[in-house]
Amino acid sequence: MTGLQTYQYTPKDFKSDQEVRWCPGCGDHAVLNAVQKALSELGIPKEKFVFISGIGCSSRFPYYMDTYGFHGIHGRASAIASGVKIANPDLSVWQITGDGDALAIGGNHFIHVIRRNIDVNIILFNNEIYGLTKGQYSPTSEKGLVTKTSPFGTIEEPFSVGELVIGARGKFFARSVDANVTLSTQIYIDAAKHKGTSVIEVLQNCVIFNDGIHDKVTNRDIRDDRTLILRQGEPMIFGKNNDKGLILEGLKLKVVTVGINGITEKDLLIHDATEPNPGIHYMLANMKYPEYPVALGVIRSVPGNSYETDLGEQIKRVQNDSKIKCMDNLMHSGSTWKVK
C-alpha cells in the first residue's frame, strides 16, 4: 500500500468460484462468511492476503477464498505460514487449522510460532473431534467422551487452547463462536491489526461426529447466562438480564449478582486485554461452565516485537556493520572451517 490509498471490497470479492463442500449445517460456513466480511473492511489489497492450512475439514478453507493460498500437510501449517511471512513481511498471512491439526501432530510448530511472535493470524476451529477422519477423539475432547478411538471414554486430560497460547508467551488470544458472525468479524479485524501472532479459537460445531458439543454454552436459550463477551475498558458483566458479573476474591475469580449483598456494577472487574501480566487473561481463558461463564471476545492483546521485524533489523545491522556482504565474502572471511 502506498500513501493514503485505500481499497474497497465487499465480502463477495473474497469468494472463490469453488463449490463449498462442507456438510450442510457445519459451523465452518459461518467462519468463512465472517472472515470474508472482515477482510472486506481492512482496506488491504487482495493480492496481499495469503491463506495457509494443514489437513482437516477446516483446511479446505483456502479453496473457498479468492486470495493466494496454500493447502499444506498435516500439522505443518504454522511452519509454512512462518516461512511465508518471514520471506515477505508485507503480506497478511492467515493460518486455518483445527484442534487436531494444530494441537496434535502440529503442536510443536504451533507453540513455536506463538513464542516467536511471527505476525500471522491463526484461526483454530475447535469442534473437539477429528471430523475429516470420521470421529476420533482429539486433544481438546472432553475427558470421558466416547468416540471411535475411545469406545469406553477417553481418559486423557484435554488441552485448554487459551492456556496453551498464553503459556507459549502468546500476545493475542481471542475466542468466538462459529454462529456469532458479528463478534467473529470484529475479532478477525482486531487480529489483523495486531502486530504479532494472533490466535483465535472458534467454538465450532461438527454436525456429523460431535453435534451439539458446545450447546451447553452456545444454545440460544441459555447462552447469555453462560457466556461473557469481553469488551476492552468495560465491566465484566453478563446474563440475560445483565445482572451477573465477575469480581476478584483473593486469588480467584468469583461470579456475583448485581444488587445482591451490596454488589453494584462499580464492583465488577474492568476488562483490560492490554495488561502485560498474563495472570488475569489466563484465568479468563480457562473459565468453564458451570462454575463460570465461558469468556468470548479478545481476551489478551499485548504489543510486542514481531519476529520478522526483528529479523529484518538484524540483517540490516549485520550488513552495515560487517565486511561480510554475501556468501562469497563469508567463504573467504577466515571464519569458516577447512577441509583437510
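The values are calculated or read from the model by the stated rules, or taken from the named source; none is laboratory data. All values derive from a computational prediction rather than experimental measurement. Please note: Cβ atoms are built from the backbone with ideal geometry, for glycine as well, and neighbour counts cover all protein chains shown. We work out accessible area using only protein heavy atoms, side chains counted, and drop any ligands, DNA or RNA first. Shrake-Rupley method; radii C 1.70, N 1.55, O 1.52, S 1.80 Å.
Condition check: in a loop (DSSP other than H, G, I, E, B), at pLDDT 95 or above and in contact with a helix residue (DSSP H, G or I) (Cβ under 6 Å, 6 or more places away or on another chain). Does GLY69 satisfy that?
no
For the stretch 106-121, check the following and say yes or no: at least one residue is touching a His at 6+ places or on another chain (Cβ under 7 Å), touching a residue at least 12 places away in the same chain (Cβ under 8 Å) and either open to solvent by 10 Å² or more (accessible area, probe 1.4 Å) or over 17 Å from ARG76 (Cα atoms) (or both).
no
So which of LEU39, LEU103, LEU91 ends up being surrounded by 23 or more Cβ atoms within 10 Å (Cβ to Cβ) and either aliphatic (A, V, I, L, M) or free of Cβ contacts under 8 Å to residues at least 24 places away in the same chain (or both)?
Step by step, each of LEU39, LEU103, LEU91 is checked, and only LEU39 is surrounded by 23 or more Cβ atoms within 10 Å (Cβ to Cβ) and either aliphatic (A, V, I, L, M) or free of Cβ contacts under 8 Å to residues at least 24 places away in the same chain (or both).
Are there any pairs with C-beta distances below 6 angstrom linking a residue in the stretch 190-201 that is more than 16 Å from ALA34 (Cα to Cα) and open to solvent by 30 Å² or more (accessible area, probe 1.4 Å) to a residue that is modelled with pLDDT of 95 or more and not hydrophobic (A, V, I, L, M, F, W, C), with the two at least 6 apart or on different chains, and if so which?
So the pair list comes out as LYS195/ASP119; LYS195/SER306.
Answer yes or no: is there a residue in the stretch 87-110 that is more than 24 Å from GLY162 (Cα to Cα) and part of a helix (DSSP H, G or I).
Scanning the stretch 87-110, I find at least one residue that is more than 24 Å from GLY162 (Cα to Cα) and part of a helix (DSSP H, G or I), so the answer is yes.
Being open to solvent by less than 40 Å² (accessible area, probe 1.4 Å) and closer than 19 Å to GLY107 by Cα is true for just one of THR227, THR140. Which residue is that?
Only one candidate passes the filter, namely THR140.
If we keep just the residues of the stretch 262-321 that are touching a Phe, Trp or Tyr at 6+ places or on another chain (Cβ under 8 Å) and either in a helix (DSSP H, G or I) or of a type in the set (Lys, Arg) (or both), which is farthest from GLY170 (Cα to Cα)?
So, considering only residues that are touching a Phe, Trp or Tyr at 6+ places or on another chain (Cβ under 8 Å) and either in a helix (DSSP H, G or I) or of a type in the set (Lys, Arg) (or both), the one farthest from GLY170 (Cα to Cα) is ALA285.
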